[in-house]
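Heads up: the structure comes next, in structure tokens.
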Amino acid sequence: MHAKEIHLASRPTGEPVPDNFRTVTTELPPLEDGQILVRNIVMSVDPYMRGRMNDVKSYVPPFRLDTVLDGGAVGEVIETRNDAFSVGDAVSHGKGWRDIAIVDGKGARTVDLTQAQASSYLGALGMTGLTAYSGLTAVAQFKPGDTVFVSGAAGAVGSLVGQIARKLGAERVIGSAGSPAKVARLLELGFDAAFDYHDGSVKKQLAHAAPDGIDVYFDNVGGDHLEAAITSANKYGRFALCGAISQYNSTEPSSAPRNLALAIGKELTLKGFIVGSYGHLTEEFSEKMTQWIADGDVEWDETVVDGLENAPQAFIGLLRGENTGKMIVAI
Ligand SMILES: NC(=O)c1ccc[n+]([C@@H]2O[C@H](COP(=O)([O-])OP(=O)(O)OC[C@H]3O[C@@H](n4cnc5c(N)ncnc54)[C@H](OP(=O)(O)O)[C@@H]3O)[C@@H](O)[C@H]2O)c1
């Protein structure tokens, strides 16, 4: 059996380019006990992968050069040496960036494609949704009546954060995004206010959108957005530091936030988090999210790029804001 794989050919400096990736055909070894063979249907490209392309220690090890990349994927079992899985099962697993994957059964979870389409297990019903839910509820300790600001709000995580906050009784939900079309989409999704961060100072635009200040900030962007949120924060404001995408391609350290000392007098809580530490909320999250989707309270958008060989372009596009909602590669 042969697999088509995307390898890391070189480490990007600044913005990734197509030459950083290589498509390779590999002959797969026979399955060992406990393993399953999966034909991937969809795979995820995620901002955190940019950090793994650098040769630095982080909470996940760096990708290795001339080796297949990995990441979330959903596919169909086509061969099994694991009693927990049958041929034809749909599974979610971590061996993306290839069409055929050998997966250790311990790293796979059966999903129900009659309940939801494959890609939703990478988005609203998967790691993306859990990130939004756990960051808002457990990390930022959201309370009904809070005014919530989320950056990267038209993206996969951000669009869910805003809608979940609405559903849980936020007083006001504000989002920032990178284009007029994305701002219009946020208003359709029920955000009370939204702005395009290209339209001028984030600090001024946020102050205008949140005249009474913000209680919760869900940070996907870092830099000037974090600085603006500190300025607009009310006393005892709570920040979930989820990502800092404005810095992922930077070769220089960020100059913002320059106002961190304001956090002292305002008695702010700024807490970073990794979704993997909130696995214990998976069941609670899945139950609620399934219901919210069924009731039409939460919608999600997808930008789908066709073809495994276009996965590098999908990833490059994700960092440039070419997606609305979850960026998915259909294999
Ligand atoms: N802590 C965790 O466990 C965890 C888990 C998942 C994701 N995350 C983080 O959550 C954030 C969102 O991830 P996602 O998967 O939902 O991706 P996403 O928001 O769907 O896609 C990334 C978006 O970032 C925006 N962006 C790119 N450069 C920017 C810049 N310089 N300033 C402002 N916005 C910029 C783009 O939208 P615009 O058009 O609006 O610029 C782009 O669409 C990322 O920071 C990611 O690292 C963290």
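Derivation of every value follows stated rules applied to the coordinates shown; laboratory data play no part. All figures in this text were calculated on a predicted structure; none of them were measured in a lab. All Cβ positions, even for glycine, are placed from backbone atoms using ideal geometry, and neighbour counts span all protein chains on display.
Brief remarks follow.
- Restricting the range 135-177 to residues that are near the ligand (Cβ under 8 Å from one of its atoms) and assigned to a strand (DSSP E or B), the residue that is surrounded by the fewest Cβ atoms within 10 Å (Cβ to Cβ): Ala177
- Given (1) crowded, with 18+ Cβ neighbours inside 10 Å; (2) free of Cβ contacts under 8 Å to residues at least 60 places away in the same chain, index of the condition Leu189 fails: (2)
- Selection within the range 42-89 - buried (at least 18 other Cβ atoms within 10 Å of the Cβ) and of a type in the set (A, V, I, L, M, F, W, C): Val42, Met43, Val45, Met49, Met53, Phe63, Val68, Leu69, Ala73, Val74, Val77, Phe85
- Output for the range 174-201, where each listed residue is under 22 Å from Thr131 (Cβ atoms), touching a Ser or Thr at 6+ places or on another chain (Cβ under 8 Å) and not small (Gly, Ala, Ser): Ile174, Lys182, Arg185, Leu186, Leu189, Tyr197
- Evaluated against (1) in contact (Cβ under 8 Å) with a residue 40 or more places away in the chain; (2) within 30 Å of Glu252 (Cα to Cα); (3) under 19 Å from the mean Cα position of the chain (by Cα), Arg52 falls short on exactly one condition, (1).
- Beta carbons closer than 6 Å, at least 6 apart along the sequence or on distinct chains, pair a first residue in the range 305-331 that is at positive phi with a second that is within 11 Å of the ligand (Cβ to nearest atom) for Gly321/Gly178; Gly325/Ala156; Gly325/Ser159; Gly325/Trp300; Gly325/Asp301; Gly325/Glu302.
- Within the range 192-228, if we keep just the residues that are in contact (Cβ under 8 Å) with a residue 40 or more places away in the chain and surrounded by fewer than 19 Cβ atoms within 10 Å (Cβ to Cβ), the residue that is farthest from the ligand (Cβ to nearest atom) turns out to be Asp212.
- As for the range 248-269, it holds at least one residue that is in a helix (DSSP H, G or I), in contact (Cβ under 8 Å) with a residue 12 or more places away in the chain, away from the ligand (no atom under 15 Å from the Cβ) and closer than 22 Å to Asp146 by Cα.
- From Asp66, Asp99, residue being of a type in the set (Asp, Glu), in contact with a Leu (Cβ under 6 Å, 6 or more places away or on another chain), closer than 19 Å to Ala3 by Cβ and in contact (Cβ under 8 Å) with a residue 40 or more places away in the chain: Asp99
- Restricting attention to the range 294-324, the residues being within 10 Å of the ligand (Cβ to nearest atom) and buried (at least 22 other Cβ atoms within 10 Å of the Cβ) number 2.
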